[in-house]
Amino acid sequence: MPPSIELRTRQSLALTPRLQQSVRLLQLSSLEFQQELRTALDTNPFLEYDASQTEDAALSAENTGEATEAINAPMSAGAEVVAEAPVSRDSVDASSQDEPAGDYGNDYASDYGGDSFDRGSSRHNGDSEGSDPAEWARSQPSLHEQLHDALRLYPLNARDREVARLIIESLDDDGYLRQDLADLADVFDVEPALSGHELLVALRLVQSLDRPGLGARSLSECLKLQLDCMDSDTPGRDVAIQVVEHHLERLARREQAELQKQIGCSADELRIACALVRKLNPKPGHYYGSAEDNYVVPDVIVRQVRNKWVVTINPAVMPRARIHRKYAELFAQSAGASRSPLAQQLQEARWLIRNAQQRFDTIQRVAECIVAHQRAFFQYGEIALKPLVLRDVADELGLHESTISRATGNKYMATPRGIFEFKHFFPRELGTESGGTCSAAAVRALLKEMIAAENTRDPLSDVTLARMLADQGVLVARRTVAKYRHLMKVPPAELRRQI
């Protein structure tokens, strides 16, 4: 067939740039959102830090302190859910038409007089010029750095020092020496060649540099080094040394009678020795260079005020930024402003301010809905969590389920019972014997109570726990109990047994 030109009409759904930015901002965590806004402040000339609201920032800090006191206050039943100082939900319309790039008339002041957000700190923080904030950061030395620093205190010749450094660099993250000493001798090319005695002396030196147990070649040696550093009159030390040297496998299998027979000690002496072994650190290298505690900054704060649950946006996650009024007015007065490349940047600045407001508005609405559904949790704890799915919240708020998923991802809520991720309030639904439903979180809470009240000499097995749940009307399989127990980091019954 010869080529031809044909016209067709087709409908398709496309996201505008403003809507794409709104969706992207909503799914960011509080830290990622602050970084996103900081980048925009540094690259967009029409955005500026709102340094004039220092008093408002101090007031927000006082309010945060009051919120903390309210979080720690006792709770009472029958509290209602309200929103304190909610953000206007009608001020932003996600489906509104994008404004033309050149529409910067006299109504600019009314449009953006109140579009500002608090930021915790201004650009000028009083530091001297040229100072590097990284110099003030505290970093914990790694295992190898700590041992190298300790080695410098010993008066050694060049050969012995290099051998000790070789052994230090051969240690793994657990603090063990996994390589054979003969293999290390082949790696270190010196004249004369290293002897096994030199390597062994250097290894003993490394083992004495810092925490006991470092430089061990096996778990047995690691535990014995720690026991050797204890006082000779420590109760159970001698028996514990025999256990870690020759009977670790029997200890792991809890063969108490066989251990007592092989060592020739009493049951009380063996019990004290086993308790002493359990206090030892099998991986002493993890003490060094451990990751710093990552503190979660909650997006919303839930507190009880006059028997009502109040949901507020955390002031600490609301940066201070606003449209640079002077630049916008000068740009609007310039000739050919609508054709200038700066017109797109001004439009992006306006979108960013409005989308940021819509982000906090959506998060607060979702948080209010969660608190309303899970009100019993704030009164009675985990055992009162109800089954909840994203679709229920989406239908109630009139939003799409994907929007709720973005609003709950990487978002945290500070409650009187601690800080929880939004996803924590969406437990899976399980059936009961009476035909009702309960949440998986409530089942885990029941399991935790049962295990806490068990007899440590005869702990409850997974089958027994499943039977006890069935007696309370909750029907779960044994493998489900094992999965929940694993999620709670609770060992099996054999490892929970104490003599």
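Ordering of 351-358, 250-257, 165-172, 416-423 by packing is 351-358, 165-172, 416-423, 250-257, highest average first (other Cβ atoms within 10 Å, averaged per residue). Once backbone amide H atoms are built at 1.01 Å from N, Val474 has Glu433 as its partners under 5 Å, excluding neighbours fewer than 5 places away on the same chain. According to the calculation over all Cα-Cα pairs in segment 428-496, the P(r) per 5 Å bin from zero is 3, 18, 32, 26, 13, 5, 2, 0 %. Computed over segment 143-210, the percent of Cα pairs more than 14 Å apart is 54. Here the Kirkwood formula puts the hydrodynamic radius of segment 218-288 at 12.3 Å, using every distinct Cα pair. Each of Leu177, Leu166, Ala202 was scored by the projection of its Cα onto the charge dipole of segment 143-210, and the greatest displacement toward the positive side belongs to Ala202; charges sit on the C-beta of Lys, Arg, Asp and Glu. Remark: segment 348-499 projects, on average over all directions, an area of 11.4 nm² (convex hull of Cα atoms). Binning the alpha carbon pair distances of segment 181-271 at 10 angstrom intervals from zero yields the distribution 15, 35, 26, 17, 7, 1, expressed in whole percent.
Comparing Ser334, Gln379, Thr362 along the charge dipole axis of segment 326-383, the residue lying farthest to the positive side is Ser334, per the Cβ-charge model.
Testing the spin-label approximation: label points 7 Å from Cα along Cα→Cβ at Arg204 and Glu421. State their distance in nm. Label-label distance for Arg204 and Glu421, simple model: 5.1 nm. Counted residue by residue at 0.36 nm each, then reduced by the alpha carbon distance between them, the extension gain from Leu342 to Met488 reaches 47.1 nm. Charged side chains reduced to their Cβ positions (Lys and Arg at +1, Asp and Glu at -1) give segment 218-288 a dipole of some 340 debye around its Cα centre. Amide H to amide H distances under 5 Å link Gly175 with Gly285, where only residues 5 or more positions off or on other chains count and H is placed in the peptide plane.
Would you mind classifying segment 374-460 by shape? Square roots of the alpha carbon gyration tensor eigenvalues, ordered a ≥ b ≥ c; an a/c under 1.5 is rounded, otherwise it is prolate if a/b is larger than b/c and oblate if not.
prolate
Pairs over the 26 Å Cα-Cα cut-off, from the set Lys411/Lys489; Lys423/Lys489; Lys283/Lys423; Lys283/Lys411; Lys279/Lys489; Lys279/Lys448: Lys283/Lys423; Lys283/Lys411. Placing a pseudo-label 7 Å from each Cα along the Cα-to-Cβ vector at Arg8 and Leu495 gives an inter-label distance of 6.1 nm. According to the square roots a ≥ b ≥ c of the eigenvalues of the Cα gyration tensor, what is the shape class of segment 277-424, taking rounded for a/c under 1.5, prolate for a/b larger than b/c otherwise, and oblate for the remainder? Judged from the Cα gyration tensor, segment 277-424 comes out oblate (a/c at least 1.5, b/c at or above a/b).
Which residues among segment 218-252 fall inside the zone where the amide N is under 17 Å from a point 7 Å beyond the Cα of Lys261, along Cα→Cβ? Only 247-252 fall inside the zone, counting backbone N under 17 Å.
The label point for Glu32 and the one for Ser218, both projected 7 Å from the Cα toward the Cβ, are 4.8 nm apart. Largest first, the extents of the alpha carbon coordinates of segment 217-360 on the three principal axes equal 98, 48, 28 Å.
Just to confirm a number: summing +1 for Lys and Arg and -1 for Asp and Glu over residues other than Arg485 whose beta-carbon lies under 14 angstrom from that of Arg485, what do you get? So the surrounding residues net to +3. Its convex hull of Cα atoms gives segment 243-282 a direction-averaged projected area, equal to a quarter of the hull surface, of 2.6 nm².
As a rough guide to protection, the peptides 363-374, 236-247 ranked by mean Cβ packing within 10 Å, highest first, stand as 363-374, 236-247. Charging the Cβ of each Asp and Glu at -1 and of each Lys and Arg at +1, and nothing else, the dipole of segment 428-496 about its Cα centre rounds to 300 debye. Structural descriptor for segment 218-288: relative contact order 39 percent, calculated from alpha carbon pairs under 8 angstrom and at least 6 residues apart.
Laboratory data are not the source of any read-out in this text; all were calculated from the coordinates shown. Predicted model only: the values in this text are computed from it and were never measured. All Cβ positions, glycine included, derive from the backbone under ideal geometry; neighbour counts span all protein chains shown.
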